[in-house]
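The values are calculated or read from the model by the stated rules, or taken from the named source; none is laboratory data. These numbers come from a predicted model, not from an experiment. Glycine also receives a Cβ, built like all others from the backbone with ideal geometry; neighbour counts cover every protein chain displayed. The area values use the complete protein model at the heavy-atom level, side chains included, leaving out ligands, DNA and RNA. Shrake-Rupley method; radii C 1.70, N 1.55, O 1.52, S 1.80 Å.
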Amino acid sequence: MNSIDLLRWIHVLSAATWLGEVIVINVILIPVLAQLEREKRAWFMAAVFPRVFQLASIIVATALLSGAALNLSMSGWDLHTAIARLFSGSRWGYAILIAGSLGLGLGLFHFVAESRLEPRVVAAESSAEQADLEIVLRRLKIIPRVGLGILLVIFLLMMAAAHGL
């Protein structure tokens, strides 16, 4: 197995894990969270979501770094060539450029905006304010849904690029 194949496997597996994690959050964790009583809801958020955020950080970083390394390795480890391939005017280049940009944007959002949400999730357990808990819950409902939509677009673009469409 050469470096391109290894990087491709790492990239595909980490991206699929990222998508799977966001699906689990949207389909399982958020609905369970919404049905819990207030005290249990705060405990559940404080116990589960910091771990979810940590796992997401590892997965996101792996997907982004392996994707960049894959493009570089396919270009003979020449940065100029790797960038030129993205802007070559080909469908492959545009699909990878758009999907990669969306993935980078979503990853940066995770590391910047979601990292500011994590302390609020942890603090929700000890907070006496119902309004604080509701704000955190509302954000935990919206952010993963938007993320899921963006990840699905990324997957469709990457699949199109991989199949030469």
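Table for the structure above
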{"quantity": "Hey, GLY89 exposed (fewer than 12 other Cβ atoms within 10 Å of the Cβ) and among the small types (Gly, Ala, Ser) or not", "calculated": "yes"}
{"quantity": "Entirely in the stretch 1-85, the helices (runs of 4 or more DSSP H) that have 2 or more residues that are farther than 21 Å from ILE142 by Cβ and in contact with a Ser or Thr (Cβ under 7 Å, 6 or more places away or on another chain)", "calculated": "3-24, 38-74"}
{"quantity": "Count of residues meeting criterion [of a type in the set (Phe, Trp, Tyr) and either open to solvent by less than 30 Å² (accessible area, probe 1.4 Å) or on the phi > 0 side of the Ramachandran plot (or both)] in the stretch 1-43", "calculated": "1"}
{"quantity": "Count - residues of the stretch 148-165 that are open to solvent by less than 50 Å² (accessible area, probe 1.4 Å) and either aromatic (Phe, Trp, Tyr) or in contact (Cβ under 8 Å) with a residue 60 or more places away in the chain (or both)", "calculated": "6"}
{"quantity": "Filter result for ALA82 (without any contact (Cβ under 8 Å) to a residue 24 or more places away in the chain, open to solvent by less than 30 Å² (accessible area, probe 1.4 Å) and either closer than 30 Å to ALA131 by Cα or of a type outside the set (S, T, N, Q) (or both))", "calculated": "yes"}
{"quantity": "Conditions (1) without any contact (Cβ under 8 Å) to a residue 12 or more places away in the chain; (2) within 10 Å of the chain's Cα centre (by Cα): number failed by LEU36", "calculated": "(2)"}
{"quantity": "All helices (runs of 4 or more DSSP H) inside the stretch 90-165 with 2 or more residues being closer than 23 Å to TRP9 by Cβ and either in contact with a helix residue (DSSP H, G or I) (Cβ under 6 Å, 6 or more places away or on another chain) or β-branched (Val, Ile, Thr) (or both)", "calculated": "91-109, 130-162"}
